[in-house]
Each structure stands twice: as C-alpha cells, then as structure tokens.
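Here's the structure we're looking at; comments come further down.
What follows is calculated from the coordinates using simple rules that are stated; it is not laboratory data. Since this is a predicted model, take the numbers as computed values, not measurements. Here the Cβ is made from the backbone with ideal geometry for all residues, glycine too, and neighbour counts use every protein chain on show.
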C-alpha cells in the first residue's frame, strides 16, 4: 500500500490488514492516523458545544409595538382635535333673485353756516345826500361790494 | 438582504404573528436553534456571523413554514449552508481566536488540549474549499449520514465520501503542521 492509498483509506475511516501493516511501517502515516482520530474526537466535542441561543426579540418588539400603537392613537386624537379647531364653518349656498346695487355718491358735506352777520361799513361823504355802504361777506372775503344810495 | 434588514424583518414578522402557525414556528425554532447556530459557526468560524446567519435562516423558515412538510431538519441544514455560503463570500477575514488560558491542573490541560485542537480545526476549516468544509461540518460535526449530506449539498453520495476523505486528511495535516 502506498502512502496516498493509506491517506485515502484513513480519510474514509476504513480498516484492513494492508492498512494496519502500512501504518506499522510508515511513521508519517501513523502520525496522520493519530491526528485523524484526535480530530474526530474534537469534532464530536464540537457537536455538543453550547452557544447562547439566538435571541429572537419577542418580548421587546411586542412592547415596542404596544408603545407604537399607543403613540399612534395619541397622534390620531391630537390630529383630530387640531384639525377640528382649524376647520372653517360650512358654507351654504342659496340662489335668490339677482339685484344690482348701484353705489350712491356720498352725501354732500353740510355747508358751513356763518353764525355772524355780514360786516356793514357806512361811509359819510361831503354830500349829505350821498352815503356809501360797504358790505363785506365772509365767503367773498377780499371782495368788496359797494352800494350807493 | 443585510443582517440588520433581516433582523428587522424577522422582528416585524414576529410582532405580527398569532395563532397555531406561529406556535409551530416557535417550537421548530427552539428545537433546531442549537443545530443551526452550531452549523453556522463551524462554517463561518465566528459566532457573531453565525447568529446573523441563524436569524436569516429562521426568517426564511417563518416565510416558508407552510411549504415545509415532515422533518424540517434537511430543509434547515440546506438553508443554513446556503446562507453561510452567501455570508462567507462577503464577510471580512476572521480574527484569530482568543489565546489560551493558563491553568496548570492536569484535567485543565486535557481540556485545553482539546480546545486548542478545536481552535486549530476551526482555522483549518477556513482553508478548505466551501464544499469540503460543508461536507465535514454536516457529516463529522453535525453527525448527518452520507446520504443526508449528499441531499443537502445536491451531489452524489460517492462525491460526499470523496470530499470528506480529502477534507479529513487536509485537516489532519493542517493540525499537525500548526501545533
């Protein structure tokens, strides 16, 4: 048996007289055989290794979901109140006879009434039959009106 | 799908579930959790990655619960292997395992020797081809039969035997050369 055949047989965990004979003669293959047996024990040990279980977050998400649901409800209530306050009153449309309104001019401002009488100035002349009267109206301020008699 | 997205989707799915279907899922998950995590760990070499992979596997289980009939083990192994293969392709290099603890007692030395070998084997698994690694994990660590391993890998039994034989010898040489 060659070393290559021996390795193949060892890898397949076979056992026969030819293999045993080769192992007695070949130190390298014997050492390999020892390593293979030790590895098999280590593999068996690996199978029973304990690991912390994968934490599937069941409790926390449920709690989070409860919080999320509560938050959603609160938000909905807040939104309902908020939009109700801002809601405009309903508009009702009624159709009636159409009227045309013409805007009226503003009423005239009342005339100012002078409380005092027009100023009358009497001027005597040399002729006793001639007298000059000056009447000064407030609205015609600056104008002079002469009357001769 | 990213790990975060998978975890979030799993969370959402679990939050929304009720009824007997979900009790089935809980039962299946409890029964096969160790198997999935262990297999993923051996295939990926890092427990954090194994947990992420396990979450992905259970998410797929939840989605496909109605389609799985009979024993879910083969389905779970197959999905675990697929998820780990995807994960393996895109992950960062594995860190070196922790250094050994100093403990002089005889029992502890035996345990330490075993733990050292397991660490070496974990490193050795990294050096194997993906199919060889998967075959070794399923056959030698998980204890599946050659037929079951072949079904999961989708190859012939004779191919599994060949993969296993080659992988065992490679690992033995790796350990011998790295002790």
- Task: Would you tell me the mean number of C-beta atoms belonging to other protein chains that fall within 10 Å of each C-beta in A:68-79, as a whole number?
- Result: 0
- Note on the structure: Per-residue average of other protein chain Cβ atoms inside 10 Å, peptide A:2-11 -> 3
- Task: Please give, to one decimal in nm, the separation of the simple spin-label points placed at residue A:4 and residue B:145, each 7 Å out from Cα toward the Cβ.
- Result: 3.3
- Neighbour-count ranking for A:136, B:110 (other C-beta within 10 angstrom, fewest to most) reads B:110, A:136
- Item | Footprinting exposure proxy for B:148, A:7 (fewest neighbouring C-beta atoms within 10 Å first) | B:148, A:7
- Query: Gap in Å between the Cα centre of the stretch B:127-148 and the Cα centre of the stretch A:6-43?
  - Reply: 19
- Message: Taking beta carbons within 10 Å but only from partner chains, what does the mean come to for residues A:17-24?
- Response: 0
